[in-house]
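Everything below concerns the one structure shown next.
The values are calculated or read from the model by the stated rules, or taken from the named source; none is laboratory data. Note that this is a predicted model, so its numbers are computed, not measured. Neighbour counts are summed over all protein chains in view; Cβ atoms, including those assigned to glycine, are modelled from backbone coordinates with ideal geometry. When the accessible area is computed, the model is the full protein with side chains, heavy atoms only, and any ligands, DNA or RNA have been set aside. Shrake-Rupley method; radii C 1.70, N 1.55, O 1.52, S 1.80 Å.
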Amino acid sequence: MSTLKGRNLISITDFSRDEYIEVLDIAEEFEKNPKQKILSDKVVATLFFEPSTRTRLSFESAANQLGARIIGFSDPGGTSVQKGETLHDTIVMVSSYSDLIVMRNPKEGSSRYASEVASVPVINAGDGANQHPTQCMLDLYSIRKTQGTLENLNIAMVGDLKYGRTVHSLVQAMCNFNATFHLVSPTELKLPSSVKMSIKNAGLKYYQYTDLREIIPTADIIYMTRVQRERFPDPMEYERVKDSCILTASMLQGCKDNMRILHPLPRVNEITTDVDSTPYAYYFQQAQNGVYVRQALMAAILGAR
Amino acid sequence: MDNKKEILVSAIDNGTVIDHVPTDSLYQVIRILGLERYNDEVLMGNYLASGKLGRKGIVKIRNKHFSVDEVNKIALVAPFASIIDIEDYKVVRKYQAEIPDHIDNCVRCANPKCITNAEVVPTRFDVVDKENLKLRCHYCEKFTTKETMKFTE
Ligand SMILES: [Zn+2]
């Protein structure tokens, strides 16, 4: 029986390195054989206090394929939540109807709080700008699948490294696997010092760049994120830097054969569409991997693996 | 000097004296210790002459003995405060307030989007840097610092 049985997944640091690997191994099994009715006696609650169609469908598809029944809401409109019920009371109530709660809520820290109130395990499907650990798990899965390993890789993170929560989580997770980090961002959107400290504390190296072209020849993974105009107080500044973090097919000359491009999606224009047909594009498969990883997490947490 | 102090804030027979409180922190100390709702004698003095601080505050709480964890919270605003336990007019214990590793309840999270600011959730923090006073919220994982620190009512 897995050490993950009955556990919550709120923040990526809740799991150990070995537990990440365990989840990835189980996910691999579900990728080969996704329809296994091993949760047919379970009820999974998906509570989306803000809409996120992509994430909700991925979780619900995962639960469905395992035979679980699903209850919940896709946005709080028309529910008791909108009538002013506290998160505390909603969670206590839903705990009595379900075996596992998947929650997305714009309030930061809401998932940790829910896990302390709930009598069943809670999976965080995003708590505002704070954490979205299942995204990180599917990023790890995609990295391992494309590289054959998580160890000793050159990971380039590109775009908004300051506010991008997926970036912070992935850096923290990859600190367990002897990665070298190549950080490409406008100077205004550099990785926060607390995250750089995690890299240093793990005894690993990072390099900072402002031009994406510099990391093309060394990267095993290029993890692209969107640079939002709203992040810049001065629109002129945005205009000046916006092209420095855009990836086009012609820039990929001289990259490693094994290099793959990831993106948490949705993309806007930071990866031009001519990249999609290159062998390096992996972002659409990456999203599909989310279903297997979420199947693995639900199965392990509910003791079916 | 000691005589002068006695005149300004009289001695207590039993309880706790909190000495060497910075003058601008006295009322925060009172709030952190919940003394606004304490139903026995509380004696306070502020801007008293002190060799150590120039001017200082002092609080005497009659018939109250704090646990170390309870009283250590005041180190957030009064890092050099001395805590003196008094029994029968005698000093039975004297120690310095020390910033604890965890702080529950008394500080508000500086992140306006934090769940603890949206619902009635008691705050919990890990102290990640005692020297520069940096707290990490157990819930939203954001930092609250000396500059952004506010205390719960
Ligand atoms: Zn907080």
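Along the stretch A:159-176 the Karplus relation, 6.51 cos²θ - 1.76 cosθ + 1.60 evaluated at θ = phi - 60°, assigns HN-Hα couplings of x, 8, 8, 7, 9, x, 5, 5, 5, 4, 5, 5, 4, 4, 5, 6, 4, 7 Hz to successive residues, with x for each Gly and Pro.
Please give the charge dipole size of the stretch A:257-305, origin at the Cα centre, charges +1 on K and R Cβ atoms and -1 on D and E Cβ atoms. Round to the nearest 20 debye. The partial results should precede the final answer.
Working: 4 positive and 4 negative charges, 74 e Å.
Magnitude of the dipole: close to 360 debye.
With the convex hull drawn around the C-alpha atoms of the protein assembly as shown, the volume per residue stands at 183 Å³.
Test of understanding: what is the full-extension gain from A:MET236 to A:SER16, defined as 0.36 nm times their sequence separation minus their Cα-Cα distance? Working shown, then result.
Numbers: separation 220, 0.36 × 220 = 79.20 nm, distance 4.36 nm.
Going from the current span to full extension adds 74.8 nm.
Comparing the full protein assembly with the isolated chain (1.4 Å probe, heavy atoms, ligands and nucleic acids excluded), the residues of the stretch B:94-118 losing at least 40 square angstrom of accessible area are B:LYS113, B:ILE115. The Cβ shell under 14 Å around A:ALA287 holds other residues with a net charge of +3, Lys and Arg each +1, Asp and Glu each -1.
Between the alpha-carbon centers of the stretch B:113-153 and the stretch A:160-205, tell me the distance in whole angstrom. Answer, in whole Å: 23.
So if I place +1 on the C-beta of Lys and Arg and -1 on the C-beta of Asp and Glu, and nothing else carries charge, what would the dipole magnitude of the stretch A:134-287 be about its Cα centre? I want it in debye, nearest 20.
Details: 17 positive and 16 negative charges, 90 e Å.
Roughly 440 debye for the stretch A:134-287.
Using Cβ point charges alone (K and R +1, D and E -1), the dipole size of the protein assembly as shown about the Cα centre works out to roughly 160 debye. Considering only A:GLN82, A:ALA249, A:MET103, whose Cα is most displaced toward the positive end of the charge dipole of chain A, charges sitting on Cβ of Lys, Arg (+1) and Asp, Glu (-1)? Positive-most Cα among the choices belongs to A:MET103.
Taking the accessible area of the protein assembly as shown, probe 1.4 Å, and keeping the other protein chains in place, the carbon and sulfur fraction comes to 48%. In the stretch B:133-147, comparing the full protein assembly with the chain on its own, the residues that lose 50 Å² or more of accessible surface at a 1.4 Å probe are B:TYR139, B:GLU141.
Scanning residues 5 or more positions from A:ILE123 or on other chains, those with amide H under 5 Å from its amide H are A:LEU9, A:ILE101, A:VAL102, A:MET103, with H placed 1.01 Å from N in the peptide plane.
Find which of B:ASN39, B:PHE80, A:THR218 sits farthest along the positive direction of the dipole of the protein assembly as shown, computed with +1 on the beta-carbon of Lys and Arg, -1 on that of Asp and Glu, about the Cα centre. Going by the charge dipole, the pick is A:THR218.
For the protein assembly as shown, report the accessible area per residue in Å² (1.4 Å probe, heavy atoms, rounded to an integer).
Values: 20650 Å² over 458 residues.
The answer is 45 Å² per residue.
Measure up A:LYS5/A:LYS145; B:LYS113/B:LYS150; A:LYS200/B:LYS113; A:LYS162/A:LYS196; A:LYS190/A:LYS242 against 20 Å on the Cα-Cα distance and list the ones that go over.
Pairs exceeding the cut-off: A:LYS5/A:LYS145; A:LYS200/B:LYS113.
At a probe of 1.4 Å, how much accessible area disappears from chains B and A on forming the pair, both sides counted, to the nearest 100 Å²? Don't skip to the answer; put the middle values down first.
Details: alone 8930 and 12930 Å², together 20650 Å².
Counting protein atoms only, the buried area is about 1200 Å².
Computed from backbone phi, the HN-Hα couplings of the stretch A:241-247 come to 9, 4, 7, 6, 10, 10, 9 Hz, rounded to whole numbers (Karplus: 6.51 cos²θ - 1.76 cosθ + 1.60, θ = phi - 60°; Gly and Pro given as x).
Result for chain A in a Gaussian network model with C-alpha springs under 10 Å: among A:ARG229, A:ARG104, A:ARG294, the largest mean-square fluctuation is at A:ARG229.
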